[in-house]
Amino acid sequence: MSTVVNTGQAEAWNGPVGQHWANHHERYDGMLASFDEALFTAAGIGEADRVLDVGCGSGSTTRRAARLAARGHAVGVDISEPMLARARSLSTGIGNVSYEWGDAQVHPFPADGHDVAISRGGVMFFADHTAAFTNIGRSLRPGGRLAFVCPRPAAPDGEEGRALGLLASLLTASATRPSAAGTSAPRPAPGPDLAAAMASLSAPDRTRQMLEGAGFGPVGITAVDAPACWGRDAGDAVDFYVSRGPGAEVPEETLSAMRDVLRPYETDRGVLLNAGVWVVTARRAS
Ligand SMILES: C[S@@+](CC[C@H](N)C(=O)[O-])C[C@H]1O[C@@H](n2cnc3c(N)ncnc32)[C@H](O)[C@@H]1O
């Protein structure tokens, strides 16, 4: 029986945040898929591997892992019921993929049950990272591999930092102005807890220390930049951005100013904002 220690995260990912990710899984995949090449190259999944995908969400990377481990198996673990429901519905007919609900910090993984653990942005949300990586490490065979991507802090003058910073301040300014109906507009998402968690592995020296403390061997941490696709065009991207926040309607003049912020990033492949991640690799000590 799985228990939960990260109760705040469980609330968020089983509430509106997780529901939004499940409803917009294609959009979120579009934003994150440009980091898949780096993640899967780092993971080096073999065709007989038993793969664990931590914080698998809607399971895009779990399914890709299952295709690579054609004679093996891929299991995705996540704390979010809505996202797991989406993952299961998208995986119908794939024989070597499965999903489990649980808090990866304490989930009772089978000891030595996996050859490789991967994660695309699903390992930042632990109150105690060393405990979580120790638990994940126990589920790996001795010498088993860990590969994950996590956000790098956006440089304020970098493309993503600048554009998202402007969108957030436009939304905040409109939220503090009462509308004609006496209500105010949505606040920018994500909320403070999630934002702090998102950044929890942004300092590479700390990440290395946590992994070594959890019994992992040589830790590699590499910076990778890639374009994240926010929408078909500026209007579509702004609608998506605004939909992440709760609350009332955003005034048209604010939406229009937000579209102007994103227009320079429109390309024939959508609105692309360069973003940065760390690609982290390690091995469970033998
Ligand atoms: C940023 S999303 C990434 C989802 C997915 N890996 C992807 O690339 O689309 C973070 C995921 O981590 C999951 N998560 C957060 N805390 C968790 C925990 N303590 N244990 C397991 N999963 C967790 C969330 O439910 C969510 O699915």
Quick one: Asp233 ticks every box in (1) at pLDDT below 95; (2) open to solvent by 30 Å² or more (accessible area, probe 1.4 Å) except a single one, so which number is it? (1)
Restricting the search to the range 265-286, which residues are open to solvent by 50 Å² or more (accessible area, probe 1.4 Å), in a strand (DSSP E or B) and in contact with a Pro (Cβ under 9 Å, 6 or more places away or on another chain)? Thr267, Asn274, Arg283, Arg284
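Being surrounded by fewer than 23 Cβ atoms within 10 Å (Cβ to Cβ), at pLDDT 95 or above and within 9 Å of the ligand (Cβ to nearest atom), is that true of even one residue in the range 110-121?
Keep residues of the range 110-121 that are surrounded by fewer than 23 Cβ atoms within 10 Å (Cβ to Cβ), which gives 110-113, 115, 121.
Adding the requirement that they be at pLDDT 95 or above leaves 110-113, 115, 121.
Checking the rest, the ones that are also within 9 Å of the ligand (Cβ to nearest atom) come to 121.
Yes: one or more hits.
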Quick check on the range 205-230: of everything there that is open to solvent by 60 Å² or more (accessible area, probe 1.4 Å) and in contact (Cβ under 8 Å) with a residue 12 or more places away in the chain, which residue is farthest from Thr254 (Cα to Cα)? Pro218
Does at least one position in the range 73-84 carry a residue that is closer than 28 Å to Ala12 by Cβ, more than 9 Å from the ligand (Cβ to nearest atom) and hydroxyl-bearing (Ser, Thr, Tyr)? no
Of all residues in the range 134-156 being within 15 Å of Met124 (Cβ to Cβ) and either part of a loop (DSSP other than H, G, I, E, B) or of a type in the set (S, T, N, Q) (or both), the one that is modelled with the lowest pLDDT: Ala154
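Just to be sure before I move on: is Leu90 in contact with a helix residue (DSSP H, G or I) (Cβ under 9 Å, 6 or more places away or on another chain), buried (at least 19 other Cβ atoms within 10 Å of the Cβ), at pLDDT 95 or above and within 29 Å of Ala237 (Cα to Cα) in the structure I sent?
no
Considering only residues that are under 30 Å from Phe133 (Cα atoms) and among the small types (Gly, Ala, Ser), look in the range 265-282 and name the one that is modelled with the highest pLDDT. If you could, list the steps in order and put the result at the bottom.
From the range 265-282, those under 30 Å from Phe133 (Cα atoms) are 274-282; that's our starting set.
If we keep only those that are among the small types (Gly, Ala, Ser) as well, we get 275-276, 282.
Working: Ala275: 92, Gly276: 94, Ala282: 98.
For the range 265-282, the residue satisfying everything is Ala282.
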Is at least one residue of the range 249-264 modelled with pLDDT of 95 or more, within 30 Å of Phe148 (Cα to Cα) and surrounded by 14 or more Cβ atoms within 10 Å (Cβ to Cβ)? yes
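The values are calculated or read from the model by the stated rules, or taken from the named source; none is laboratory data. Note that the structure is predicted; figures quoted are calculated from it, not measured. Heads up, the Cβs are rebuilt from the backbone with ideal geometry, glycines too, and the neighbour counts pull from every protein chain shown. Note: accessible area is taken over every heavy atom of the protein model, side chains too, but ligands, DNA and RNA are not part of it. Shrake-Rupley method; radii C 1.70, N 1.55, O 1.52, S 1.80 Å.
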